[in-house]
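Structure first, then comments.
The values are calculated or read from the model by the stated rules, or taken from the named source; none is laboratory data. Model, not experiment: these values are computed from the prediction. As a convention, Cβ positions derive from the backbone with ideal geometry for all residues, glycine included, and neighbour counts pool all protein chains shown.
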Amino acid sequence: MTEAAIVVNNLTKIYGSPERGVKALDHVNLTIPKGMVFGLLGPNGAGKTTLIKVLTGITDITEGHGLVAGFDIQLQPMEAKARIGWVAAEVILDDDFTARENLWLQAKLQSLTGWEERAEQLLEYFSLKDRADDKVSHFSTGMRKKLEIALALLHQPSVIFMDEPTIGLDVSTRRMLWDIVTQVHKEFGVTVLLTTHYIEEADALCERIAIIDRGRILAEGTPSELKARVKADIVQLETAEALDSGALAAVPGVQEVRGQGDGWTLRVTSSEEVLPRLFAAIHPDRIRRISVEKPSLETVFLEITGRRIGEDEPIRDVRKFYAQMQRARR
Amino acid sequence: MKLQWSPFWGLYSREILRTFRNPFVLLITIVQPFMWLAFFGSSFSLLPASELETLFGASNYIQFLLPGVLSTSMLTVGMFGSMSTIQDKRFGFMKRILITPTSKGLVFVTKALGSATRGLVQFPVMIAAAIAFGVSFHLSPLDWFAWIVTLMLLAIGFCSLFLAITARSTDWQTPGVVSNFITMPLMFASAALFGSSHFPTWMQDISNVNPITFSALLGRSFVLGTAPNWAYLGYLGLFAGTMLTIGYFVSSRWLAVE
């Protein structure tokens, strides 16, 4: 047994043959202490969902190993599964059943006894008691999400996996869910591993964050620690005509220049100091658009990977969103 | 192979409850064999009773046909079980089940037994329909019980077969394709609709090992009041047990989660 809720050691997952398959996870190492909300931040296809699938025993490990709640997910999968809860990106419930029957089924699947009182408490806690005997197909998306979290908490798990829990939700439902995650973590003391590609979600909810891209963990720390890695502001510049990168690099305070032609990303020591110098070097009439970003998780990701989250795969994101919406409506 | 009773009961109950909450599936399950009786069963209605006796050993063709139709409808039950599993995979519910301490083998067993039980819903409806068509029944309680067990074993066997074949599939069309491939040869190369004595030899060979034949013949002996061959029940038990075992191991290893 270990004090950590989740330990991932040199974990690799390849879909297909080892030679020609797709490497979804590439020698991932992570240790997540008990009682923490830990975020896995990365774009679509980064490996977040695969890591959850591996740690919940849904898919096999190609190499390495993982411990969940002190149990090896390959050698003791049933012991580990008895201690985990799961909230899916898509709301997954039995639509032919009522809320209370969904809880009953979850209790049966977890072989629980004396679960009825806890189920009633959870229905009360999530304000679902009045609708407990209604078919969940008649529930709103927010209510369905609440019930899904209640199912995840019913057997008092040590760890809850939340796989992009707010994808496709409107702003108010997303905010509601953030409050629920915070409250649940506080009141039930459960470890939460949450994956997201929403920067603000990771920043708002997670005590520690790992940035994952192309199957590899690129950085890990508290949001403050990660932001401190970027000791610079980011200036995005669009000019009316092509510029020479040398002219931009020569401005005092500019640490790095990326881009070409009329679109540039400048890494500067302090935007307050550098902008007046920049305007002196390039006449303001030649600047079509300029924006400044203070250190954020977005700039951390940009700093580490050279691109923004979601920049590569907008189509996959839209597909996922529509799939989620269709399932939510069923 | 340790049976987990609590998840077993949960998933088995889910299969049964969902049937009764989906009126369309229930309607089709009931109406389809009823249509067989009404349309196919009426095809010899103008034949003189003496010729029916000669051809089928019964004065009413529906009396002869009923055990056969009940047997062949267990094939359809297998297809519905397979479709229900694919629905769970596609809607993500299979993941919800398998993230709990529930094994893939147990999911298979509950699907097979649940679908087979669901298929038996047809039994009382068909008996009532046959009475409406003029068939009279003179079965002892043991005969009734044995007939139900016969159909249950046949249904378990076919449900297991369908589930094993479609274990890796997530395509809605697969059960239908498999059903089309399996149903027709098994139905016609059996004693379900006609006696096999006039079949060509190669069809008789298939019919002689076809579980539908054994179920139809056993059921027919109960309906017509002839001496049942209890070895048929043993054969069907062997068929159900073998298919259930094969399906269990196939699903434990290859059942696709999504």
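Tell me, yes or no, whether region B:77-90 has at least one residue that is acidic (D, E) and closer than 26 Å to B:A132 by Cβ.
No: zero hits.
Look at B:F181 and say whether it is more than 15 Å from the chain's Cα centre (by Cα), of a type outside the set (S, T, N, Q), over 23 Å from B:G81 (Cβ atoms) and assigned to a helix (DSSP H, G or I).
So B:F181 fails the test.
Among the residues of region A:98-131 satisfying the criterion of being among the small types (G, A, S) and closer than 26 Å to A:K81 by Cα, which is nearest to the other protein chains (Cβ to nearest Cβ)?
Top of the filtered list is A:S111.
Taking the stated definitions as given, is A:R308 of a type in the set (K, R), in a loop (DSSP other than H, G, I, E, B) and either in the same structural domain as A:E256 (by TED's automatic domain parsing) or in contact with an Asp or Glu (Cβ under 7 Å, 6 or more places away or on another chain) (or both)?
yes
From the list B:G134, B:G114, B:G157, which residue is within 25 Å of B:L27 (Cα to Cα) and surrounded by fewer than 16 Cβ atoms within 10 Å (Cβ to Cβ)?
That would be B:G134, the only listed residue that is within 25 Å of B:L27 (Cα to Cα) and surrounded by fewer than 16 Cβ atoms within 10 Å (Cβ to Cβ).
Restricting attention to region A:170-203, and to residues there that are hydroxyl-bearing (S, T, Y) and closer than 13 Å to A:M36 by Cα, which single residue is surrounded by the fewest Cβ atoms within 10 Å (Cβ to Cβ)?
Selected residue: A:T182.
Only one of B:F249, B:F194 is over 15 Å from the mean Cα position of the chain (by Cα), among the aromatic types (F, W, Y), more than 15 Å from B:L154 (Cβ to Cβ) and assigned to a helix (DSSP H, G or I). Can you tell me which?
From the options B:F249, B:F194, the qualifying one is B:F249.
Restrict the check to region A:29-49 and report whether at least one residue is within 14 Å of chain B (Cβ to nearest Cβ) and closer than 26 Å to A:T305 by Cα.
Within region A:29-49 (the criterion being within 14 Å of chain B (Cβ to nearest Cβ) and closer than 26 Å to A:T305 by Cα), the answer is yes, since at least one residue qualifies.
Can you name the number of the only condition in (1) at pLDDT below 90; (2) more than 16 Å from the chain's Cα centre (by Cα) that B:G176 fails?
(2)
When the residues of region A:248-302 are narrowed to those that are among the polar types (S, T, N, Q) and within 28 Å of A:E225 (Cα to Cα), which ends up surrounded by the most Cβ atoms within 10 Å (Cβ to Cβ)?
Restricting to residues being among the polar types (S, T, N, Q) and within 28 Å of A:E225 (Cα to Cα), the top hit is A:T299.
So A:I167 clears everything in (1) surrounded by fewer than 18 Cβ atoms within 10 Å (Cβ to Cβ); (2) in a loop (DSSP other than H, G, I, E, B) except one condition, right? Which one?
Checking A:I167 against (1) surrounded by fewer than 18 Cβ atoms within 10 Å (Cβ to Cβ); (2) in a loop (DSSP other than H, G, I, E, B), the one that fails is (1).
Please tell me if A:D60 is within 14 Å of another protein chain (Cβ to nearest Cβ) and in contact with a helix residue (DSSP H, G or I) (Cβ under 6 Å, 6 or more places away or on another chain).
No: the conditions fail for A:D60.
Look through A:V68, A:V91 and report the one residue that is surrounded by 18 or more Cβ atoms within 10 Å (Cβ to Cβ), at pLDDT 95 or above and aliphatic (A, V, I, L, M).
None of the others qualify; the one that does is A:V68.
When B:S59 is evaluated against the numbered criteria (1) of a type outside the set (D, E); (2) without any contact (Cβ under 8 Å) to a residue 24 or more places away in the chain; (3) over 14 Å from B:A130 (Cβ atoms), which criterion, by number, is the only one it fails?
Unmet condition: (3).
Yes/no per residue for (1) hydroxyl-bearing (S, T, Y); (2) part of a helix (DSSP H, G or I); (3) crowded, with 18+ Cβ neighbours inside 10 Å:
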{"site": "A:E101", "(1), (2), (3)": "no, yes, yes"}
{"site": "A:W104", "(1), (2), (3)": "no, yes, yes"}
{"site": "A:A107", "(1), (2), (3)": "no, yes, yes"}
{"site": "A:G114", "(1), (2), (3)": "no, no, no"}
{"site": "A:A119", "(1), (2), (3)": "no, yes, yes"}
{"site": "A:L123", "(1), (2), (3)": "no, yes, yes"}
{"site": "A:D130", "(1), (2), (3)": "no, yes, no"}
{"site": "A:S137", "(1), (2), (3)": "yes, yes, no"}
{"site": "A:K146", "(1), (2), (3)": "no, yes, yes"}
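Given the residues A:A89, A:A80, which is the only one that is touching a residue at least 60 places away in the same chain (Cβ under 8 Å), in the same structural domain as A:E164 (by TED's automatic domain parsing) and touching a helix residue (DSSP H, G or I) at 6+ places or on another chain (Cβ under 9 Å)?
Of A:A89, A:A80, the one residue that is touching a residue at least 60 places away in the same chain (Cβ under 8 Å), in the same structural domain as A:E164 (by TED's automatic domain parsing) and touching a helix residue (DSSP H, G or I) at 6+ places or on another chain (Cβ under 9 Å) is A:A89.
State all residues of region A:61-110 that are within 29 Å of B:S13 (Cβ to Cβ) and among the acidic types (D, E); if no residue qualifies, say none.
Of everything in region A:61-110, those that are within 29 Å of B:S13 (Cβ to Cβ) and among the acidic types (D, E) turn out to be A:E79, A:E90, A:D94, A:D95, A:D96, A:E101.
Can you list the helices (runs of 4 or more DSSP H) lying wholly within region B:3-111 that have 1 or more residues being under 25 Å from B:I182 (Cα atoms) and within 14 Å of chain A (Cβ to nearest Cβ)?
Result: B:5-20, B:23-35, B:61-90.
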